[in-house]
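Student: Structure incoming, see below.
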Amino acid sequence: MGFYFKVRRYKKGTNTKMRDPWNDLLEFETRDLVKEYFKGVHNSEVNVWKISEVTSNFIQAREYFRNAQESNITVKPLLLYYGVLAMSKGLILTLDPKKTETTLRSSHGIEVKDWSQILKTKEFEKLELTVGEGSFSELLDATGNTNYLRAGSKGINWKSQLSRPDKGYKFKLEQLYYYLPDLFEEFKTWTSKELPFIVIDELRYDNSNNLGVAVLSGTYHNKELIDLVFPEKYCKDLEIEKGSGKTIVKWKYSEIEWSPNITQKWSGPFDLGVSCVIPVLTNDKGLNIVSTMFTLAYVYGMMARYFPTTWISLGRVRQGDKIYPLIHRTLDFIVEKFPIVTIDFLRAPYNFENNGE
């Protein structure tokens, strides 16, 4: 894993303030601008058919998102997932000049194997997902399982890269929400538990002493939470120092630097984004934000599509409906943020990456 800290500016002098992503995505719905993009970013000529594949997926994604926003909750997640899927394919095709629609797998790339038991018990937090081969894995590969982050800023100024889960890797639905700390209130309503995250201000390494240092915002953090996000397995001789509104965590690592899982919290002080350190998944794996939203859209889309009785009952005052506020917020969150995160990748690389910092 790696973590980068330099403040940057958009290419070609574009302002770092967040713009309307749908306006920016129009660039990828036009022949001439897609052609210019491939020439400028990939230094390659692109044929008419490749341009059509890119633009068609983004055009279709726009329509799915528009219809999802206007639709009733009974069908919204299915339309939204198709929008997320189309936008993901457009992103993959744009980031990888060698990919074509015919080389992309038709499978989702993520699988749920215990629907029947979960639908019976309504213990949705235990829903287990398995990584396969398909759109999910292709999205992870195209994005490098990377997050572009806004830390005390409305513009991108940090980057984190997480260890990619391989085929057959399993994780729970509940764990996906670790990567979306903005949903902490709805998560607590659902589970009666706090989402485990801590705002992080700085991360640095002293390779001469194999020492990792993280500066956390705030002086009070439950020791159990610190142990979750800085597990003993990877952080030897953990030290915690507190003072001046900060908590400094130091640890020893072996020959390879270890970095915590870092994700984005979009709503911080003064409505600026902040970065958060969260627990790693089993075997030190993680998911970037774009793949997390893809997976959540898939889960709720498939529930609405294949199990409409259960899905509709969640919003009709039935047993097991305590997850409904979280689902409702999740769908709105994906509608708002997935296009933004997509644009973040399309605008990469940023200055701090080009400088090798």
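Student: Mind sorting out which of (i) 31, 28, 18; (ii) 30, 25, 23; (iii) 35, 24, 21 is the real semi-axes √(5λ) of the Cα gyration tensor in Å computed from the coordinates?
Tutor: (i)
Student: Still on this structure, please answer the following. Which of the pairs Lys120/Lys322; Lys223/Lys285; Lys35/Lys99 have their Cα atoms more than 18 Å apart in this structure?
Tutor: Numbers: Lys120/Lys322 15 Å; Lys223/Lys285 22 Å; Lys35/Lys99 15 Å.
Correct reply: Lys223/Lys285.
Student: Moving on. What residue among Tyr220, Tyr324, Tyr177 has the largest mean-square fluctuation in a Gaussian network model of the chain, using Cα springs under 10 Å?
Tutor: Answer for the Gaussian network model of the chain: Tyr220.
Student: By how many nm would the segment from Lys252 to Phe270 lengthen if fully extended, with 0.36 nm per residue of separation less the alpha-carbon distance? If you can, show how the numbers build up before the last one.
Tutor: Working: separation 18, 0.36 × 18 = 6.48 nm, distance 3.48 nm.
Result for the pair: 3.0 nm of gain on full extension.
Student: Something else now. Could you list, in their original order, any pairs among Lys50/Lys89; Lys159/Lys246; Lys172/Lys193; Lys193/Lys337 whose Cα atoms are separated by more than 18 Å? Provide the component values of the computation, followed by the final result.
Tutor: On the way: Lys50/Lys89 12 Å; Lys159/Lys246 22 Å; Lys172/Lys193 15 Å; Lys193/Lys337 24 Å.
Lys159/Lys246; Lys193/Lys337, as the Cα separations exceed 18 Å there.
Student: From the helices alone, meaning DSSP H stretches of at least four residues, give me the mean residue ellipticity at 222 nm for the chain, per-run term -39500 (n - 2.57), in deg cm²/dmol to the nearest 500. List each step's numbers first, then the result.
Tutor: Working: 13 runs with 146 residues, N = 357.
Roughly -12500 deg cm²/dmol at 222 nm, from the helical runs in the chain.
Student: Modelling each spin label as a point 7 Å along the Cα-to-Cβ direction, I'd like the Ser192/Tyr220 distance in nm, to one decimal.
Tutor: In this crude label model, Ser192 to Tyr220 measures out at 2.3 nm.
Student: Suppose each label sits 7 Å from its Cα in the direction of the beta carbon; what would the Asn207-Asp114 distance come out to in nanometres?
Tutor: 4.2 nm
Student: Further question: Under 16 Å between alpha carbons, and skipping anything fewer than 8 positions from Lys265 in its own chain: which aspartates and glutamates qualify?
Tutor: Asp182, Glu185, Glu186, Glu194, Asp201, Glu202, Asp332, Glu336, Asp344
Student: Now, a different point. Hey, rough spin-label estimate for Lys167 and Asp227, points 7 angstrom out along Cα→Cβ, what's it come to in nanometres?
Tutor: In this crude label model, Lys167 to Asp227 measures out at 3.8 nm.
Student: If you don't mind, there's one more thing I want to ask. Considering only Cα-Cα distances, which of the following residue pairs are longer than 31 Å: Lys188/Lys242; Lys113/Lys154; Lys126/Lys233?
Tutor: On the way: Lys188/Lys242 27 Å; Lys113/Lys154 39 Å; Lys126/Lys233 25 Å.
Table pairs above 31 Å Cα-Cα are Lys113/Lys154.
Student: Given Cα pairs under 8 Å that are at least 6 residues apart, what percent is the relative contact order of the chain? Show your work: numbers first, answer last.
Tutor: Numbers: 618 pairs, mean separation 77.8, N = 357.
It comes to 22 percent, rounded to a whole number.
Student: Choose one of Leu176, Asn210, Thr310: the residue whose Cα lies farthest towards the positive end of the charge dipole of the chain (beta-carbon charges +1 Lys, Arg; -1 Asp, Glu; about the Cα centre).
Tutor: With unit charges placed on the Cβ atoms, the residue in question is Thr310.
Student: Assuming 0.36 nm per residue, please report the length gained on full extension of the stretch Trp22 to Glu125 beyond their Cα-Cα distance. Before the final figure, lay out the partial values.
Tutor: Numbers: separation 103, 0.36 × 103 = 37.08 nm, distance 3.25 nm.
Value of the extension gain: 33.8 nm.
Laboratory data are not the source of any read-out in this text; all were calculated from the coordinates shown. What you are looking at is a predicted structure, and each value in this text was computed from that prediction instead of being measured. A quick note on method: Cβ atoms are made from the backbone with ideal geometry, for glycine too, and the neighbour counts reach across all protein chains shown.
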